[in-house]
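Enquirer: This is the structure, below, for whatever I ask next.
Values in this text are rule-based calculations from the coordinates and carry no lab data. Predicted model, so just to flag it, every value in this text is computed and none were measured. Using ideal geometry, Cβ is built from the backbone for each residue, glycine included, and neighbour counts are taken over all protein chains shown.
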Amino acid sequence: MKIKLKDVAVILLLIGFSVVSLSCESLGITLVSSDGRSLSDVRSGIVYEYSIGDRGPAGGIIFFMRSDSEGRHFMEAAPVDLPSAQWGVIGERGKAAQLCDDFSLNGFNDWFLPNSTDLFRMYTNLKRRDLGRFQNNFYWSSNESQLSSSMAIALDFTITAQHELPSSYPKDRVYLVRAVRAFTISN
């Protein structure tokens, strides 16, 4: 019996799944639901499941996921804030990026300061859902401002923030720092 891929998607929709990614390979089929969870991996027989808010392999909190031909890509935020600091790059002792680079949790030492897009994803996917114990304050991103070399991008995580987009602030301000890391589960 032959089943067309569109029929599989319709069947999954009928049982409550919305298919975002459906890839066929000669050795198996991977189905990924709208929330990014792998529904099955016929080739390996292993189902890897992470959702927004789940604990990642390093003990962080999953805030981003996507799937492509190379695998399932995730990002996790450290479960706690690092010490507040001024903005700075790796190599500048005691500055935001160096604090993240020095961070280690559960044997994982590949943490970094999030860019403004990932910082906004943490705000949207974790803070707004009251996940991750984020404070109502500003958090640094790794992005420098295009307005001035003396400014960098931060995001206000205050619950009542008027502006939910990252903005430029002087680099010498002391803001909160939260490290992130990326990982991939290969197909």
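Enquirer: Mind putting a number on the dipole of the range 77-185 about its Cα centre? Charges go on the C-beta only, +1 for Lys and Arg and -1 for Asp and Glu, and I need it in Debye to the nearest 20.
Expert: Charge dipole, the range 77-185, about its Cα centre: 200 debye, nearest 20.
Enquirer: Report the net charge of residues surrounding THR184, where surrounding means a beta-carbon distance below 13 angstrom and charges are Lys +1, Arg +1, Asp -1, Glu -1.
Expert: So the surrounding residues net to -1.
Enquirer: So, one more: Any idea what % of Cα-Cα pairs in the range 77-185 are farther than 24 Å?
Expert: On the way: 1004 of 5886 pairs.
Tail of the P(r) past 24 Å holds 17 percent of the pairs.
Enquirer: For ARG173, enumerate residues with amide H under 5 Å from its amide H, sequence gap 5+ or separate chain, H modeled in the peptide plane.
Expert: Placed amide hydrogens put TRP87 under 5 Å from ARG173.
Enquirer: How long is the range 102-143 along each principal axis, judged by its Cα atoms, biggest number first, in Å?
Expert: Computed over the range 102-143, the largest-to-smallest principal extents equal 29, 24, 16 Å.
Enquirer: What is the sum of charges around ALA152, taking Lys and Arg as +1, Asp and Glu as -1, for the other residues whose C-beta is under 11 Å from the C-beta of ALA152?
Expert: Here the charged neighbours net out to +1.
Enquirer: Taking the dipole about the Cα centre of the range 77-185, with the C-beta of Lys and Arg at +1 and of Asp and Glu at -1, give me whichever of MET151, GLN98, GLN135 is farthest to the positive side.
Expert: Looking along the dipole axis, the top candidate is GLN135.
Enquirer: Lys and Arg at +1, Asp and Glu at -1: add these up for the other residues within a Cβ distance under 14 Å of TYR169 and post the number.
Expert: Values: positive: LYS171, ARG173; negative: GLU144, ASP156, ASP172.
Result for the local shell: -1.
Enquirer: What ³J(HN,Hα) values, in whole Hz, does the Karplus curve 6.51 cos²θ - 1.76 cosθ + 1.60 give for the range 179-187 when θ = phi - 60°, with x put for Gly and Pro?
Expert: My calculation for the range 179-187 gives 7, 9, 9, 10, 8, 10, 9, 5, 6 Hz in order.
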